[in-house]
Each structure stands twice: as structure tokens, then as C-alpha cells.
Amino acid sequence: MKKIYLYGMICLSHSFLIGDEFLIPDTYREMQQKYCFPGGETGTCATVLSSLGADVCMDGNHICGGAVKTVKEFYTRLGVDISPLTFDENGEALEDYIIISGDIRTPLGTYGKFYENAKSSSEKPWNTPKEEHIRGCAAAAVDPYFFEASEKATRLCVKCGVPYVTVDCAYDSYIHKNSAVSVISGESFESTCKGSTRQEITENYMQNGGGLTIITNGGGEFVYGRKGGDIKRFTPYKVSVQSTLGAGDSFKAGCVYALAQGMGDESLVSFASAVAAAAISRFPIPLYPPKKDEVYGIIKSRE
């Protein structure tokens, strides 16, 4: 497979698994497992794609402070090309802390501060995408979280003829309109629905999409389709859930891998769902990422 290009959020994630019951104020909980690995929407996507056998090139926000050594060592070991990234040992690391109990999780982070600092600074804490990293790739995945820089990444994909996957962008945005696959999470979808019905928003996404639009629904049935076509439904694969942390990022990884392999819509949706199912059946994903034979085994189990 040709290289896959990723652009988006990479952070240092501290995850804490606390058992069957979530936190209750003023009540003790035993911490069962704790880990610190590179994460974020793009960081986790790179981990999963590498496990599936893809050749990955990754760019995004600057990697700073205590995250520098961890990110370099982790992705070098996986064989991910991180040469486009900017490293600054003197900067402040972008980190989050996530408390997990089964299919419930609460993230704590400093993303608000990250974006406030970006507004007040002339130099943004993320890289400007470069055509040389995108040209010739089989597929790409672009997070919309870096505004003009994210849109530039997608414009370069269009210029170079590289199909891309994106997530949680506005239905009237350039990024959505020109995507090969646009995945809208249930959480993002609900925030868009204010003042409109679910049916109206679904139709807006479908009719404005340049390719396949997928609107997920956690572990529930989700919908997908293309402009001018029927709205189709898919029931996710059921597995024993250890943690839902990284489920959406794994689904995105499945989409971009399937896109690079030239899968049709039904096969792409099935493959992405199976990748997410494999990911949530263990904890943590960086130690136990989904493997191809496992993914196809999940698909075959339904057949």
C-alpha cells in the first residue's frame, strides 16, 4: 500500500481505568490500570493504521515539553513517519487525563488554553500542511480542528488527487463538501441539531457531502449514504467492552484504510465498524491495537 497521510491532533494521554462503577462525589474508587501513551484523534488513528499494516506519515500540532521523548520513541518503534512534525522541548506539552469505566469516560484537558494561546499568538501551535507530504499518497485523514490549516490540507489533497477522510466538520464546509468519507459522531451531530430536526440535519449532511457521509451513534445503529442516494443503516458489531476510549479514532482509521484499499461503501462501513469493535474490546489501544486478522474475524462472525 502507498503511504497514508494524517493531519490533526496529537497529544499525550493519561488514561485511568477504575472498574465497573463510575465516579461518585466523595466516594473512593480503586484504580485498576493506568497508562500514558501518545493519543489524540490523529495520534490514535496512526497507531491503529500502523497495526493494520499501513505506511503512515503524520503531521499536526507541535509536540512540546515532556511529550517530545514519548512521541518520538513510540512512533519510531511503530515505523510511523513523524518527520513533518515540529518538536519543541521547551514548550508546554498538550496532555489530557481520561477517567474510564466501561463505556463511560470523562476527559480532563487543557484544550481551551491551547486554543486561547493560539488566538493570541501570531505563530500557531500547529504546522502548515505541505504538498510534498501529501502528493502520491493512497489516502489521507484530516481533522478539522486547526481551521485554515486543516482546510489547506484538504485543498492540497484535492489538488493532488488524494481522497481523504474527515470527522465532525460543518455540513456546509469545504472540508465536508470535498471529502471522500466524512464521519460525523453522534455527539457532534447532536450539537448541530439545535433548531433543526435530526432528519433535516441528516439530509443537509448527505446532500452537501462530496462522497460518503457516515453519522455514527455510539454503539447504536448508525446511518450512511451519498448525495442523491438512499439513507442506509448499519448495526455495529457487538463485543465485550473494556473501554470505549479511542473508538471513534479507530473507526476513522478503519475508514481511511478501507478507502486506501478501494473498498465500496458497504465494505468500508463494515470494516471501520469491525476495527472500532476490536479496539474497544481491550485496554489500552496503544498496547493492543486491532490486527487485520482480528478485524476480518469480527466481520466473518456476523456472516
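Any read-out appearing in this document is the output of simple, stated calculations on the displayed coordinates, not a laboratory observation. Bear in mind the structure is a predicted one, so any value in this text is a computation, not a measurement. Cβ sites come from the backbone with ideal geometry, for glycine too, and all protein chains shown count toward neighbours.
Details
- Residue identified as acidic (D, E), on the phi < 0 side of the Ramachandran plot and crowded, with 17+ Cβ neighbours inside 10 Å among D230, D265, D293: D265
- Among residues of the range 165-182 being within 18 Å of Q261 (Cα to Cα) and under 13 Å from the mean Cα position of the chain (by Cα), the one that is surrounded by the most Cβ atoms within 10 Å (Cβ to Cβ) is V165.
- Of all residues in the range 212-255, exactly one satisfies the criterion of being farther than 19 Å from A279 by Cα and aromatic (F, W, Y), namely Y224.
- Residue in the range 14-34 that is crowded, with 24+ Cβ neighbours inside 10 Å and in contact with a strand residue (DSSP E or B) (Cβ under 6 Å, 6 or more places away or on another chain) present: yes
- Lone unmet requirement of (1) in contact with a Phe, Trp or Tyr (Cβ under 9 Å, 6 or more places away or on another chain); (2) surrounded by fewer than 17 Cβ atoms within 10 Å (Cβ to Cβ); (3) assigned to a loop (DSSP other than H, G, I, E, B) for V162: (2)
- Counted residues, the range 1-54 - those being assigned to a strand (DSSP E or B) and either hydroxyl-bearing (S, T, Y) or on the phi < 0 side of the Ramachandran plot (or both): 18
- From the options Y145, Y97, residue that is aromatic (F, W, Y) and more than 20 Å from N178 (Cβ to Cβ): Y97
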